[in-house]
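I have placed the structure first, in the form of structure tokens, so that the comments after it can refer back to it.
The values are calculated or read from the model by the stated rules, or taken from the named source; none is laboratory data. Keep in mind it's a predicted model, so treat the numbers as computed, not measured. Because the Cβ atoms are built from the backbone with ideal geometry, glycine has one as well, and the counts that use them run over all protein chains shown. Ligands, DNA and RNA are stripped out before the accessible areas are found, and what is left, the full protein with its side chains, is counted by its heavy atoms. Shrake-Rupley method; radii C 1.70, N 1.55, O 1.52, S 1.80 Å.
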Amino acid sequence: MAHTDKYLLQVLVRMLDDERNDIYLHVDKKWKEFSPSFLSVVHANLYILDKRIDARWGHANLIEVEYNLFEEAYRRGGYLYYHLLSGADLPIKPQDYIHRFFYEHQGTEFVSYWGTEDNNADAYYKVSRYHFFMEYEKIPSRLLSILIAKARRIISDVLYLLLGARSYPWRLYKKGANWVSITDGAIGTLLQEKSKVLRRFRWTRNGEEIFLQTILLESPFREKINVSSPDDHAAMREIRWSTGAVSPDTYTMQDKDFLLASDMLFARKFSSEVDREIIDFIQKEFAK
């Protein structure tokens, strides 16, 4: 799922360009200057989705993007694992290592989940109420964004008082990051719930952090989810959060040793505008 940063996306595709991989790419509709000519592969198959969605932070159309990617990959079918990455991610292990890891752990679902009671309460708040106007949550005008957010919260509170909690066809479980590595069977289970998910998660907030965890934790795959660590490490992602931050840290060359020492397979996030040197370092260190 890419929305910007041509240089970083080129490096990511280059690092995934392996004959054992197929790459499926959704390019955000807001990226007006994107061209398929930006990208080339030698060994992998690269499929760029024709339907481009103007995906917005916290909005339900992020779930639609994920489903479009899952559906297209599942249609071609038969993969051992499906890895959902963002355009701000990079692998931090060589392809041989990554393929060997998933072959040795096949059947395990690598799903992020955040295990505190505060996160559980937050997940309930985000699905039990109506959250309108999420497409305006992070628009360039900070003042307008704040005003719309305040109006959204007032409307949400009033509707909650008048109507009560929205009905929910699943029990609530932990939320987590949407970046996962899951099996063909798990993808099939998610696709069976697609119409229900898209209908019920409309007008929720950050539903992309909740729907996948909810469905898999209420399915037979519950027993196969990696429980080695109740955070992003459960999905084999190195994602670092500073205290009180609302988004992950962006790595720089100061984090070189930290990333080299990590046991994880993928890391986020990177930005060529913040530090191109760390991107080049990761590519040189972990490319085949």
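Paramagnetic label reach from ALA149 (point 7 Å along Cα→Cβ; backbone nitrogen cut-off under 15 Å): within segment 56-82, residues 57-59.
For the peptides 269-278, 148-157, residues were scored by their other Cβ atoms within 10 Å and the scores averaged per peptide; the highest-first order is 269-278, 148-157.
Summing +1 for each Lys or Arg and -1 for each Asp or Glu among the other residues whose beta-carbon sits under 10 angstrom from that of ASN120 gives -1.
Shape of segment 231-286 from the C-alpha gyration tensor: oblate (a/c of 1.5 or more and a/b not above b/c, with a ≥ b ≥ c the square roots of its eigenvalues). Here segment 106-139 and segment 1-46 have alpha carbon centers that stand 27 Å from each other. Quick check on the chain: helices-only [θ] at 222 nm, where DSSP H runs of length 4 and up contribute -39,500 (n - 2.57) each and the sum goes over total residues. Nearest 500, please. So the helix-based figure for the chain works out to -11500 deg cm²/dmol.
When a/c reaches 1.5 or more, the comparison of a/b and b/c decides; with that in mind, is segment 149-284 rounded, prolate or oblate per its Cα gyration tensor? Walk me through the numbers before you get to the answer.
Working: a/c = 2.63, a/b = 1.50, b/c = 1.76.
Because a/c hits 1.5 or more and a/b fails to exceed b/c, segment 149-284 counts as oblate.
Ranking PHE102, GLY207, PHE34 by Cα position along the charge dipole of the chain, where only Lys, Arg, Asp and Glu carry charges on their C-beta atoms, puts GLY207 farthest toward the positive end. Here the accessible area is traced with a 1.4 Å probe on the protein chains. For the chain, carbon and sulfur cover 52 percent of it.
Working ranking of peptides 79-89, 234-244 by packing, defined as the average number of other Cβ atoms within 10 Å per residue, highest first, is 79-89, 234-244. In the full protein context, segment 202-288 carries 50 Å² of accessible surface per residue, based on a 1.4 Å probe and ignoring ligands, DNA and RNA.
At a probe radius of 1.4 angstrom, the accessible area of segment 103-150 per residue rounds to 59 square angstrom. Our note on the geometry: Cα centres of segment 214-288 and segment 152-191, 24 Å apart.
Figure legend: label point modelled 7 angstrom from the Cα of GLU117 along Cα→Cβ; residues of segment 157-181 with amide N under 16 Å from it are 174.
What you get for the chain, charging only the Cβ of Lys and Arg (+1) and of Asp and Glu (-1), is a dipole of about 1180 debye around the Cα centre.
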